[in-house]
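Data first, discussion second: the structure below is written as structure tokens.
Taken together, the values in this text are just the output of simple stated rules run on the coordinates, not laboratory data. Everything numeric here is computed off the predicted structure, so don't read it as measured data. When we count neighbours, we look across all protein chains shown, and the Cβ atoms used for this are built from the backbone with ideal geometry, even at glycine.
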Amino acid sequence: MIGDELIKIAQAEQAEKAQYPHHIHVCTGTPCLASRSDMVKQALEQELEQSGKARLCRVKGVGCKGLCAAGPLVSVEPDGILYQGVTPDDASVIVASLDSTPVKRLQCSLEMPFFKRQVKIVLENSGAIDPESIEDYIAADGYQALFHVLTMMTPAEVISQITKSGLRGRGGAGYPTGLKWSTVAKSHGERKFVICNADEGDPGAFMDRSVLESDPHRVIEGMAIAAYAIGASQGYLYVRAEYPLAVDRLKTAIRQAKKLGLLGENICGTPFSFNVDIRLGAGAFVCGEETALIASIEGKIGQPRPRPPYPAEHGLWGFPTLVNNVETFANVAPIIRKGAEWFSSIGNEKSKGTKVFSLAGRVVNNGLIEVPMGITLREIVFEIGAGIPDGRQFKAVQTGGPSGGCVPAQYLDMPVDYESLLEIGTYMGSGGMIVVDDTSSMVDVARYFMEFSMTESCGKCVPCRVGTAQMYNLLDSIAAGTATLEDLALLERLCDVVKHASLCGLGQGAPNPVISTLRYFRDEYLARIRQQEVV
């Protein structure tokens, strides 16, 4: 595969599209498929055939369009019309409306803040291209960045661009991506590996799944560019087995890329060779920690090990290994195509670019969003999310999953970035954002996340294995109204021990929901303790 061939594929795909005045895009991401969008797509195809309009319109399955609460979603292009809650019975009126007035009862405004307030980099192709068509991806500038890197840039220049962009790891800790790549590149080893961590396990989180289902080639391209930069020839996509659609589309994408010479030996006619394999996770949350993930790929029990040495120097089978998550790799190709300065102009001083969030819980517009770093929680919840349903009051938003914390209403105008969230006792995490209203007890919220962490503990270290169980029992007693103030004091001491003595991020982060809810909602704990009057 050379540059001219990529251009020819893109031109052929664009010419094919130009033959049809209309294009109907049906969301085939997991949320819409759960509402039978596959039957909607089939009904639309049948209606076009029966009405004799098949030559005027092409139906295409695309990835997630974001507004999951309103699915199944169907768009008509290039008209810019979006329909929500579509059923197979609506196929006839949608087809009949192609050359006339849109179907008002189904129409969803693209001018609503949910769409207008987003800035899409990672999700720029989601809902627009067929995730099972490499030609569609190439027509959207796919693999142009990889070709440019392999033919026009040195590995050091690639790392320099990623460093200058200010991209930080989107898996949780926000470690500078360029620095991590540079460390692996400088490490000595006969072999080097690239791993994409797609073991998304936070409750309420579906960002990585949606990206893999909607735009798998983007992640593969990002991995290939990273491999070239650090000198690796083998990559692994570690995906949880509970994501069958994402796995199937990744398998298709890898097969297509190999067929066109974009994976495998001598990519783009250069000396660079790179292969990608998929490894399925068994659903252990702890395997989201990079050393546990590496152990799982090696065929061992998915348990973390002490660090240092870090995977950058001693990773998979003892060789230097780069581990980044799905969203991090999905940012790579756009940075190469558009430049480090372009990316760093988005966001704020220390948190550059955008962040993908799964907006869930008690908010009107549940779905997948991508917003610039530095946007406020108020803008996310009350503009993009359209506020709290049923006239209830906002209470808090949980960020960072089981290792994160709850942000109360007093911080609604705080910018969403790595440093600001850390200052108030939570963190970005991989991007789960769960809104809580005034019908929920924060004691119950803390107990829920503690039960999750207790259940998911691998059991290797005592502070996590025993500490999370004891903390859960204390929270259960407080919730039941049978605890004392001494129990509350013990809970706080346990938070400190588990946080500072656990081996890996699971145990170290497990107390955070308790710490944050005690910090901002202590009165609810005291109200549950029978010997204490309500404060």
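A compact table of results
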{"read-out": "Nonlocal amide H pairs with M433, under 5 Å, H built at 1.01 Å", "value": "S358, A360"}
{"read-out": "Translational diffusion of segment 129-205, µm² s⁻¹ [Kirkwood Rh, Cα pairs; Stokes-Einstein; 20 °C; 1.002 mPa s]", "value": "141"}
{"read-out": "Residues T354, T30, T101, T482 arranged by fewest to most Cβ contacts within 10 Å", "value": "T101, T482, T30, T354"}
{"read-out": "Residue exposure sequence - M442, M223, M414 - by fewest surrounding Cβ within 10 Å", "value": "M414, M442, M223"}
{"read-out": "Cα-based shape type of segment 1-63, given that a ≥ b ≥ c are square roots of the gyration tensor eigenvalues and the cut on a/c is 1.5", "value": "oblate"}
{"read-out": "Per-selection Rg to Rh, segment 354-437 - Cα, Kirkwood hydrodynamic radius", "value": "0.91"}
{"read-out": "Among the listed pairs K164/K338; K180/K258; K120/K352, those beyond 21 Å (Cα-Cα)", "value": "K180/K258"}
{"read-out": "Per residue, the convex hull volume that the Cα atoms of segment 18-110 enclose (Å³)", "value": "83"}
{"read-out": "Dimensionless Rg ratio for segment 304-351, taking C-alpha atoms and the 2.2 N^0.38 Å reference", "value": "1.58"}
{"read-out": "Relative exposure of D438, D413, D208, judged by other C-beta atoms within 10 Å (fewest first)", "value": "D413, D438, D208"}
{"read-out": "Total charge dipole magnitude, the chain, about the Cα centre, Cβ charges on Lys, Arg, Asp, Glu only, Debye to nearest 20", "value": "700"}
{"read-out": "Placed amide H near I195: partners under 5 Å, 5+ positions off or other chain", "value": "Y236, L322, V323, N324"}
{"read-out": "Local electrostatic count at R447 - Lys and Arg +1, Asp and Glu -1, tallied over other residues with Cβ under 12 Å", "value": "-3"}
{"read-out": "Whole-angstrom gap from segment 44-120 to segment 209-226, using each part's C-alpha centre", "value": "26"}
{"read-out": "Cα point-scatterer Debye curve for the chain, base-10 log of I(q)/I(0) at q = 0.07, 0.08, 0.10, 0.13 Å⁻¹", "value": "-0.41, -0.54, -0.83, -1.31"}
{"read-out": "For the chain, with +1 on Lys and Arg beta carbons and -1 on Asp and Glu, the positive-most of Y236, G204, A330 along the dipole", "value": "Y236"}
{"read-out": "Segment 420-436 and segment 261-339: distance between their alpha carbon centers, rounded to Å", "value": "25"}
